[in-house]
Amino acid sequence: MDEWLNFGIAIGIFVVFLILRKLFTTYLFKFIIRFVKNKNHLITTILESFEKPMRWIFVIIGLQLAFPYLPFDLLTVETEHRIIRSLFIALAAWGGYSLAGSTSLFFATFSKNFDFQVDRIVIPFIEKAVRIIIVVLAVSVIAEEWGFNVNGFVAGLGLGGLAFALAAKDTISNLFGGIVIITEKPFTIGDWIKTPSVEGTVEDITFRSTKIRTFAQAVVTVPNATLSNEPVINWSKMGKRQVAFHIGVSYSTKRAHLESVVYRIKQMLIDDRDIHNETILVNFDRFNESSFDVYLYFFTNTTAFAEYLKVKEQVNFKILEVLEEEGVSLAFPTRSLVIQQDESHEAIREENILEKAKN
């Protein structure tokens, strides 16, 4: 009878903690989140990261308190303690692993409080590194808890280090390539880059590779070792964007009109707020096969591709307006074909005609 009573007590304890778990997650935890959310986003993030592990804490505590009342010994006391401690370590690692995903929020808070800027490209690396460290530490501590010699395992890795390095040389080179990208910062997440192998927007950087979304919306995964050894053009780092082209006007254009066109186009570019005033070149450049060529070389203030095209379009319309007002027409490719008849051939042809007439 006492055995059944103890068994009932064990079940009752476990059910009570399941009820407490339900009350905690449904009411108390949500109340704490609502109370803290408007005051401190960082604390809110920490609480949300540990929400699921905290639910399981009630289950583990219920099991720990219920074990002594069980009428039969499934496990030794030492084994029970090891299981409980291992579960607590796993829950702490679970919460830390989830919290590592909010690294960007920690850096944002740190930058705000200490006026220290952290490049976006570093954050994914730190996030993944922290998660790996948490997993390794958790596995090591749990292994130590169960009596495994972690130091011996590490020493064993040292003995096989050469073979491991040879087998994983590509992975190691990609890892160091990622470190080079982080330290030199040729680009960051969101930048538009161009290399001999790919062109597009950087989406993510991992220990092994960099993901780039092309303008066709495909995602290209480039190994960091390859990317760190290639020339990288970062179009997002442009302070201004170049425009260079020729305008061909017809050869019937008078000199005075041509000079006026060159002057007015240059003045128009100088007065345009969307054009960078540092370098504006408008010159009568050359005598082409069928036109006088005027060369234009300038830069737009914007580097965004859509806005850049819009500025170019506005400039083109203004150039057409200047040409219309000056009465100057654009040239198009033309060729003159001159046919000359040889006099000797003409004389022979006339003699043949006379001979035919006599006959």
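The values are calculated or read from the model by the stated rules, or taken from the named source; none is laboratory data. Just so it is clear, the structure is predicted and the values come from calculations on it, not from any experiment. Methodologically, a virtual Cβ is constructed for each residue, glycine included, from the backbone with ideal geometry; neighbour enumeration extends over all protein chains shown.
Assorted remarks:
- Tally, over the range 248-266, of residues that are in contact with a helix residue (DSSP H, G or I) (Cβ under 9 Å, 6 or more places away or on another chain), over 14 Å from F287 (Cβ atoms) and either in contact (Cβ under 8 Å) with a residue 60 or more places away in the chain or not in a helix (DSSP H, G or I) (or both): 4
- Test: residue in the range 66-73 that is at pLDDT 75 or above, in a helix (DSSP H, G or I) and in the same structural domain as S98 (by TED's automatic domain parsing): yes
- A90 vs. criteria at pLDDT 85 or above, surrounded by 15 or more Cβ atoms within 10 Å (Cβ to Cβ) and at negative phi: yes
- Pairs with Cβ under 6 Å, 6+ apart, first in the range 313-326 and surrounded by fewer than 12 Cβ atoms within 10 Å (Cβ to Cβ), second modelled with pLDDT of 95 or more: none
- Condition met for E230 (acidic (D, E) and not in a helix (DSSP H, G or I)): yes
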